[in-house]
1. What net charge do the residues around K108 carry, taking every other residue with its C-beta under 15 Å from that of K108, with Lys and Arg at +1 and Asp and Glu at -1?
2. Using the structure shown, list the pairs from K3/K158; K3/K125; K8/K102 with a Cα-Cα distance above 28 Å, or answer none.
3. Take the eigenvalues of the Cα gyration tensor for the range 33-178, scale each by 5, and report the square roots as semi-axes in whole Å, largest first.
4. Note down the nm distance, to one decimal, between modelled labels 7 Å out along Cα→Cβ at H34 and at N147.
5. Could you check the simple spin-label distance between L111 and Q2, using points 7 Å along Cα→Cβ, in nm with one decimal?
6. Can you compute the FRET efficiency between D51 and S93 using 1/(1 + (r/R0)^6), with r the Cβ-Cβ distance and R0 = 41 Å? Round to the nearest 0.05.
7. When the Cα centres of the range 20-93 and the range 99-175 are compared, how far apart do they sit, in Å?
8. If one computes P(r) from the Cα atoms of the range 1-62, what percent of pairs lie at distances over 14 Å?
Amino acid sequence: MQKEHLFKVLVIGDLGVGKTSIIQRLVQRVFSQHYRATVGVDFWLKVVERDQRTVVRLQLWDIAGQERCGNMMRVYYRDAVGALLVFDVTRASTFEAVLKWKGDLDSKVMLSNGRSVPTVLLANKADQSLHGLRCQLPRLDAFCRDNGFVGWFETSAKEDTNIDAAIQCLVDNILVNA
Ligand code: GTP
Ligand code: MG
């Protein structure tokens, strides 16, 4: 017998960090250079066969970066059981916003056991290796430990780097609570 789960997962982070691109890579296996800002929220479904007995349906909520201060966030976050929090390694301001997003998330949603929802941090646009924050990435282990992230990955939606690994990590951490 296969066991099926349906999980609501949030994809959050500042404007233009690559949330929609990561989801498109995950769900449709495509990448576009063209930037079209998400308005409000978009929904996507990704089915992950965890093992022979476990099928996980992820309902991905792709939340526009510009929504962080909007008053719909509490509605968007409701009943989520996991999150991907994305920043852009070429723009330090998007990393500085990470703790604001994490604080918002933890203040608006928690698991039924009172714990914060498992959140994986994604350092996206890793293909732009000559830019920005990349030399600081080794420090993210301590940053994640200190700030309650279950893990982090250097990702590229463009080159399809580590996106499946990040989702796998998130699913494993969600299943621990399921
Ligand atoms: P909002 O919807 O406004 O919150 O933005 P978003 O986080 O959904 O960003 P989006 O996925 O639309 O990507 C913004 C821009 O970054 C687009 O031009 C993408 O092509 C580009 N981009 C996204 N991921 C990558 C990546 O891994 N590498 C590179 N080089 N560019 C990327
Ligand atoms: Mg988007």
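Only the coordinates and a few stated rules stand behind these numbers; no lab work does. This one's a predicted model, so the numbers in the text were calculated from it and none came from an experiment. No Cβ is skipped: glycine too gets one built from the backbone with ideal geometry, and neighbour counts run over all protein chains shown.
1. That sum, taken over residues with Cβ under 15 Å, equals +3.
2. With Cα atoms farther than 28 Å apart: K3/K158; K3/K125.
3. Each semi-axis is the square root of five times an eigenvalue, giving 23, 19, 17 Å.
4. 3.3
5. Label at L111, label at Q2, 2.5 nm between them.
6. E between D51 and S93, to the nearest 0.05, is 0.55.
7. 12
8. Result: 59 percent of Cα pairs exceed 14 Å.
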